[in-house]
Every structure is written in structure tokens, then in C-alpha cells.
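Working notes, structure below.
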Amino acid sequence: MNEAKVEAPFPSPQSSLEEAKTWLRARFAKGATCPCCHQHVKLYKRKLHKSMVFVLLLIARYYRRIDVKADQWLHVPSHINEVLAGNPRRSAAVRADWAKLKLWGLLEEKPAVRADGSPRVGYWRMTQLGWQFVNRQVKVPSHVYVYNDQLLPRTVDTMVTIDEALTTEFSYAEIMGEAS
């Protein structure tokens with residue numbers, strides 16, 4: 001019989017905020033529930049992989065058209081659907097992870113709000129760093145660390161070119177935090 005591993009509870013409701021932070025930091029790689037706000041807290045290590053870079057190249061190709069200005073916003077979900085209309089398998093493979101390119105500073109999202117209040121309007125554009133990466137002028141970190149949907153300033157030793165990133169598969173275990 002598989003018994004669920006029960007996490008040791010936070011020591012005491014009278015503990016200080018600093019004690020809560022220390023307790024949570026010790027568990028943040030595997031994930032834990034914050035004793036103060038009850039939010040699930042986890043540090044995610046995200047890898048730059050070929051499906052993400054493939055979409056970056058589709059966006060770059062769009063901008064290289066004669067009638068498109070470099071600072072123009074592109075509705076990326078529609079563009080992906082249009083370009084990959086004949087290939088539903090590939091379209092499904094690149095559906096969501098490309099938006100994480102903002103964590104590397106390669107894309108920027110248009111600041112706006114939809115009628116339903118969501119800030120996700122679907123419009124994006126390449127950054128200067130994104131262009132340099134696409135044009136093989138710079139390397140970027142192979143991984144980034146994300147906490148609470150925010151990029152953490154951690155040092156990553158491995159830098160990759162766009163060509164190297166195009167050969168990098170994503171890993172279910174890595175995405176789910178099951179591999180180091």
C-alpha cells in the first residue's frame with residue numbers, strides 16, 4: 001500500500017515571519033504550502049527547448065517581411081495557427097511554452113487588459129536580445145528559475161546558442177520538478 005508522505009507541519013502558529021520564511025525556503029525546491037498565506041510555493045527550473053525556439057523563429061520570420069515594422073505587435077496565437085494550419089501535431093506541440101520566452105528576455109508581451117480582465121491579450125514582439133539570439137550574435141542561459149511566476153536572479157553556468165537550443169528536448173520530469 002502506498003502511503004502519501006505527509007509534510008511536517010510548520011512548528012508553531014506563534015512563530016515569526018522570519019521563521020516561516022526559513023521553513024519555506026528549506027522546502028521550496030520540492031514545493032510546500034506557505035504557513036502564512038497557504039499558497040503552494042515551488043521553485044521551477046525551466047529549460048529553453050526547441051519547441052520554444054521554433055516559435056521564436058516563426059515570429060522572426062514574420063517580422064522579416066517587407067511590410068512589417070520591428071516594433072509592431074503580433075498576435076502570436078493566431079500567427080501560430082495560420083503558419084501551422086496544415087500540421088495540427090506540430091501546432092499542438094508549440095501551443096503554450098513559447099510564452100515563457102519572456103523569462104529569457106527574448107519576447108515582450110503587450111501590456112493590456114482584455115474585456116474579461118485578463119492581462120493575456122496574445123500580442124507580443126521580439127526584443128533586441130531576441131533578435132541578437134535569432135541572428136546568432138549572443139548566447140542565453142539554458143535554464144531560468146521561476147518562483148511565483150517571477151524570474152529569479154540565479155546564476156546559470158550553461159549558456160546556449162540558438163542552434164544548441166534547437167536540439168534541446170523538453171523533459172516531463174524536469175518540468176514537473178522530478179529531476180535535478
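Can you tell me the Rg and Dmax of segment 47-150, counting just the alpha carbons, in angstroms?
13.7, 40
Beyond a 29 Å Cα-Cα separation, which of these cross-linked pairs lie in this structure: Lys42/Lys102; Lys45/Lys69; Lys21/Lys110?
Beyond 29 Å: Lys45/Lys69; Lys21/Lys110.
Order the peptides 67-78, 47-58, 140-151 from the highest to the lowest mean number of other Cβ atoms within 10 Å of their residues.
Averaged packing, sorted descending, gives the order 47-58, 140-151, 67-78.
Using a 7 Å offset from the Cα along the Cα-to-Cβ direction at both Asp149 and Ala112, what is the distance between the two label points in nm, to one decimal?
So the two model labels end up 1.9 nm from each other.
Values quoted throughout were computed directly from the atomic coordinates according to the rules given, and no laboratory measurement underlies them. Source: prediction; values computed, not measured. Note: ideal-geometry Cβ built from the backbone for every residue, glycine included; neighbour counts use all protein chains shown.
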